[in-house]
Amino acid sequence: KMGSRYVWPSSTCYLDRGLQLPESVVIRGGLVVDINGERKADVRVEAGKVAEVGTKLRGDREIDASGCVVSPGLVDMHVHLREPGMEEAETIETGSRAAALGGFTAVIAMPNTEPPQDDPIIISAVKARAQTALCDVYPAGAITKQREGLELAPMGEMHSLGVRIFTDDGACVASAGVMRSALQYARSLPGAIVAQHAEDETLATGHMHEGEWSSRLGIPGRPAEAEEIIVARDCILAAQTGTPVHFLHLSTAGSVAIVRAAKAQGVPVTAEAAPHHFTFTDESCATFDPLFKVNPPLRTKDDVAAVKAGLADGTIDVIASDHAPHPTETKERTFEEASPGMLGLETALALGISELVDAGVMTLTELLALMSWSPARLSGLADHGATIEKGVTANLCVIDPNLEWVLDPANLASRAQNTPMGGRKLKGKNRHTILRGEVVVLDGQATR
Ligand code: DOR
């Protein structure tokens, strides 16, 4: 545990008497980084807002940020919280705790719950459950009823409840006609983005990337073209309808090239990449370890290089974890029978630091752009990813970019443990997280 100069508020006696004084917290001695650049400064947080940024600030309580970066809280556009229906894998409570520990102050919860988030009642229920979460949880709405790809879900009604991201994630909207209808409809919903899980199901029938390793291992494959065909098609539909399409977890060099070309022509498309897709290759599957099974699958070295290049040149707009908890029973099976997906919330930052910053692909500030203010803007979250200045909502994280640590899956806050990173040495860790002014993570521990 890192040492901290943590001082309890002098106003505790007032709290005892029920007179709640506004407590101020000073985040001391960090490098403050946001969209406007970086400067050495203290940050004072009071009544849920940033009250002051400057030097030698005073407050009721102090949080040490020496050697650390103070950033707008991270934002994860792609997590599976599994509630309702699959609480044996994760709940909003456990998933939001994992998020807060990972430095996230906001997450978008994917709709492949049971029942799916495809109507206003489920959306309201998830929002209600998220009231006490350790980060802001914004449910995404399904594009189609039951995520079956056939009939549009009541997107307008979900939009009225604040939903901005619509996706059938876990499943691709296979029909071009249905996808076009969704885009035409979404055009009337301000800020709405239709996010595609791009995998043509008639091609993506196997369990790992189709290539040399799938042949050697005798595991049926999911070819790169399964993804690229849908990415290309949906770029055409985005151009034709003018409605923004966001591509979830881009994984192939071809997809990156298609998105790059579409953007160059002004087509309203955006894309994300998951840390596992810039960290691992299909060779990881050589041990038949189902912890490496994920959809879309881990690809080749060249694909990894293309994803990194896409992140570096702005073709890929955001990093999103695709945090996909699964209970041990459904992961400890043969590679072909195991569920696809791996945990990501507590390791995303470290993988970004190791694979992108330390590898010289980008600076830490550029990584934070991809993990905080870019996804916040794309998702329309005004309270997140903001410039750290007086008056903004205090959604912040304090990161130690140099801390080396070893991941023990048993210590994760997630209810599930399906990460292939157990025992792996990682570099860079979130140290404190502030959610609307509340210190929800202090020195790597959740405070509630
Ligand atoms: O690997 C994956 N797992 N890919 C998906 O698209 C869905 C996710 C899940 O829900 O487990």
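The values are calculated or read from the model by the stated rules, or taken from the named source; none is laboratory data. Because the structure is a prediction, the values reported are computed rather than measured. Neighbour counts are summed over all protein chains in view; Cβ atoms, including those assigned to glycine, are modelled from backbone coordinates with ideal geometry.
The table below lists the values:
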read-out	value
The one condition in (1) within 16 Å of the ligand (Cβ to nearest atom); (2) among the acidic types (Asp, Glu); (3) in contact with a Leu (Cβ under 9 Å, 6 or more places away or on another chain) that residue 337 fails to fulfil	(3)
Residues (within 16 Å of the ligand (Cβ to nearest atom), hydrophobic (A, V, I, L, M, F, W, C) and part of a loop (DSSP other than H, G, I, E, B)) located in region 109-165	110, 140, 142, 143
Test: residue in region 286-307 that is under 13 Å from the mean Cα position of the chain (by Cα), among the β-branched types (Val, Ile, Thr) and within 16 Å of the ligand (Cβ to nearest atom)	no
Residue under evaluation residue 227, criteria (1) surrounded by fewer than 22 Cβ atoms within 10 Å (Cβ to Cβ); (2) under 23 Å from residue 344 (Cα atoms), criterion not met	(1)
Residue tally, condition closer than 27 Å to residue 370 by Cα and buried (at least 24 other Cβ atoms within 10 Å of the Cβ), over region 88-100	8
Counted residues, region 186-205 - those being crowded, with 19+ Cβ neighbours inside 10 Å and either hydroxyl-bearing (Ser, Thr, Tyr) or part of a helix (DSSP H, G or I) (or both)	1
Selection within region 140-185 - of a type in the set (S, T, N, Q) and crowded, with 19+ Cβ neighbours inside 10 Å	144, 167
Test set (1) surrounded by fewer than 24 Cβ atoms within 10 Å (Cβ to Cβ); (2) within 16 Å of the ligand (Cβ to nearest atom); (3) of a type in the set (Ser, Thr, Tyr) - residue 347 fails condition number	(1)
Lone unmet requirement of (1) under 13 Å from residue 355 (Cα atoms); (2) away from the ligand (no atom under 14 Å from the Cβ) for residue 283	(1)
Lone unmet requirement of (1) surrounded by fewer than 24 Cβ atoms within 10 Å (Cβ to Cβ); (2) within 15 Å of the ligand (Cβ to nearest atom); (3) not in a loop (DSSP other than H, G, I, E, B) for residue 51	(2)
Test set (1) at pLDDT 95 or above; (2) more than 27 Å from residue 350 (Cα to Cα); (3) hydrophobic (A, V, I, L, M, F, W, C) - residue 43 fails condition number	(2)
Residue ID - surrounded by the most Cβ atoms within 10 Å (Cβ to Cβ), chosen from residues in region 307-329 that are under 15 Å from residue 250 (Cα atoms) and among the β-branched types (Val, Ile, Thr)	319
Evaluation of residue 361 against (1) within 16 Å of the ligand (Cβ to nearest atom); (2) surrounded by fewer than 24 Cβ atoms within 10 Å (Cβ to Cβ) (one fails), failing number	(1)
Residue match in region 261-269 (condition: within 16 Å of the ligand (Cβ to nearest atom), modelled with pLDDT of 95 or more and either surrounded by 24 or more Cβ atoms within 10 Å (Cβ to Cβ) or part of a helix (DSSP H, G or I) (or both))	no
Close pairs (6 angstrom Cβ cut-off, 6 or more residues apart or separate chains): closer than 30 Å to residue 159 by Cβ in region 191-210, assigned to a loop (DSSP other than H, G, I, E, B) and among the charged types (D, E, K, R) anywhere	191/164; 192/164; 197/169
Count - residues of region 99-108 that are over 16 Å from residue 436 (Cβ atoms) and either within 15 Å of the ligand (Cβ to nearest atom) or of a type outside the set (A, V, I, L, M, F, W, C) (or both)	2
Residue that is surrounded by the fewest Cβ atoms within 10 Å (Cβ to Cβ), among those in region 271-306 that are of a type in the set (A, V, I, L, M, F, W, C) and free of Cβ contacts under 8 Å to residues at least 60 places away in the same chain	305
Residue in region 299-320 that is in contact with a strand residue (DSSP E or B) (Cβ under 9 Å, 6 or more places away or on another chain), assigned to a strand (DSSP E or B) and of a type in the set (Val, Ile, Thr) present	yes
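Residues checked against (1) modelled with pLDDT of 95 or more; (2) buried (at least 23 other Cβ atoms within 10 Å of the Cβ); (3) more than 30 Å from residue 291 (Cβ to Cβ):
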| position | (1), (2), (3) |
| --- | --- |
| 343 | yes, yes, no |
| 384 | yes, yes, yes |
| 396 | yes, yes, yes |
| 401 | yes, no, no |
